[in-house]
Structure formats: structure tokens, C-alpha cells
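Comments concern the structure below.
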Amino acid sequence: MQRLVRLWRRLSLLLPALLMVLLAALSWWVAQEAGRGAGGPGGPREPPQKPDYFLHDFHTRTFDAQGHITAQLSGQAMQHIPGNDTVRITQPTLRAQTAQGVLTTAHAQTGISNSDGSNVQLLGDAVVHRVAPNMPALTVRSDFLNIFPNAQRISSNKPSTVQRGDSLFSGGNLEMNGLDGTFSMQGQVSGTVVRPRS
């Protein structure tokens, strides 16, 4: 019995030191785990590139204050990539109409949009078609179209064609202002201008 009492006394003297070691080890472990979540000792971790949600054969619509459809977006599949907060759409098709009667349609093999929709990229057989009242129809085609909807601007660093009415232009790359319908092309530009009949 006396041996147990002596052992207990010795342990009780060591207990504060043991608790300190245990707390230090626990703190170190927590710091390591937190470091792994935010880019541990080996440097920053790559942001996750695997999608965190999917949609298949989807259709979305947006409405104005009066309940009229202003835009419809559909696609074979959609996935959200959390690492760079982008949305990737397979075979996207867009149809949008303004209150002024301007109808814009677009489709491609693949579409990529940033989180706020201020930059949309169409890849593979990309086509944007625009019809406005009292204006000739406008069609832009390329293997890659970089669209900035807020600025109403389209650009491409791939061979592109622009058809306005019966006039057709092609070039190595494209910069287009959707507000006034002007565009510039570079790199082996060719065109056929057909004046509208009076």
C-alpha cells in the first residue's frame, strides 16, 4: 500500500509536466491540420479542380419584372469547379431578348463562365447570332469566342467570320463592339460587301 502511495505522489508531481507536454503535442497537431487545409508546410495547396455539383439536360430561364422571359439557357451538362469558381457547360444554347426587341442566340460545343457571368467563353463551333429591328442580321463564327456581356464585347484570337446581312468578312482574329456593331479583324482579312437593296 505504501508503495502505491509513493507511486501516486511521484505521478502527481509529474502530472503538470505531462499535461504541458500533452497540450503542446495537441497544439502542434491542430496547427498541422490547419496548415494542410490552407497550404501546409509544402507550400500552397492547389485549389480543388473536381466539380462540386452537376446538372444534366438542364434548362434555365430568367424573367423581367412583368414576368416575360428575357433569357433561356440550356445544355447537355453543367458542372461547377470550386477551385476557380467557374461553370463549365457542355453544348450550351442561349437565347436572350431585350425589351427593344434585340434577339441574340448563341451555341457551341463547350461554354465556360466565371462566377458573375461577366466573362463567357465559347469553344468549338461557336456561333453568336443577333437580330435587331431595322438592322441586318449579324452572325459571328469561330472556334473560340471570348464574350464580355456587360461591356457587350466579343473577341477571339482564332480565325473568325462575321456576316452582316449578305456581307461576309473573315480574318485571323476579331475585336467586336456589340453596342455599335463595329468590329476589327487582323491577319489575312478578306471580305465581300453586298449593299442592301433600296
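Does D125 satisfy the condition of being at pLDDT 90 or above, out of contact with any strand residue (DSSP E or B) (no Cβ under 6 Å at 6 or more places or on another chain) and among the acidic types (D, E)? Taking the combined requirement at face value, the residue satisfies it. When the strands (runs of 3 or more DSSP E) confined to region 106-198 are screened for residues that are surrounded by 15 or more Cβ atoms within 10 Å (Cβ to Cβ), those reaching at least 3 such residues are found at 110-113, 120-131, 138-148, 153-156, 160-164, 167-171, 173-177. Close contacts from region 43-56, counting a first residue that is farther than 12 Å from R88 by Cα and a second that is exposed (fewer than 10 other Cβ atoms within 10 Å of the Cβ) and at pLDDT below 60, with Cβ to Cβ under 9 Å and a gap of 6+ residues or different chains, come to P44/A38; R45/G37; R45/A38. The single condition among (1) farther than 30 Å from S167 by Cα; (2) in contact with a strand residue (DSSP E or B) (Cβ under 9 Å, 6 or more places away or on another chain) that S142 does not satisfy is (1). When we screen D180, D143, D125, D116 for residues that are without any contact (Cβ under 8 Å) to a residue 12 or more places away in the chain and either of a type in the set (A, V, I, L, M) or closer than 21 Å to I89 by Cβ (or both), the only hit is D116.
For region 63-94, what are the residues that are surrounded by 14 or more Cβ atoms within 10 Å (Cβ to Cβ), outside any strand (DSSP E or B) and polar (S, T, N, Q)? Result: Q91, single match. If you check L103, L138 for being in contact with a Lys or Arg (Cβ under 8 Å, 6 or more places away or on another chain) and in contact (Cβ under 8 Å) with a residue 40 or more places away in the chain, only one passes: L138.
Listed here are the residues, each with its yes/no results for (1) modelled with pLDDT under 80; (2) hydrophobic (A, V, I, L, M, F, W, C); (3) in the same structural domain as N157 (by TED's automatic domain parsing).
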| residue | (1), (2), (3) |
| --- | --- |
| W29 | yes, yes, no |
| R36 | yes, no, no |
| F58 | no, yes, yes |
| L94 | no, yes, yes |
| T104 | no, no, yes |
| A108 | no, yes, yes |
| S113 | no, no, yes |
| R141 | no, no, yes |
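The values are calculated or read from the model by the stated rules, or taken from the named source; none is laboratory data. Since the structure is predicted, the reported quantities are computational estimates derived from the model, not experimental observations. Counting neighbours? That spans all protein chains shown, and the Cβs are built from the backbone with ideal geometry, glycine included.
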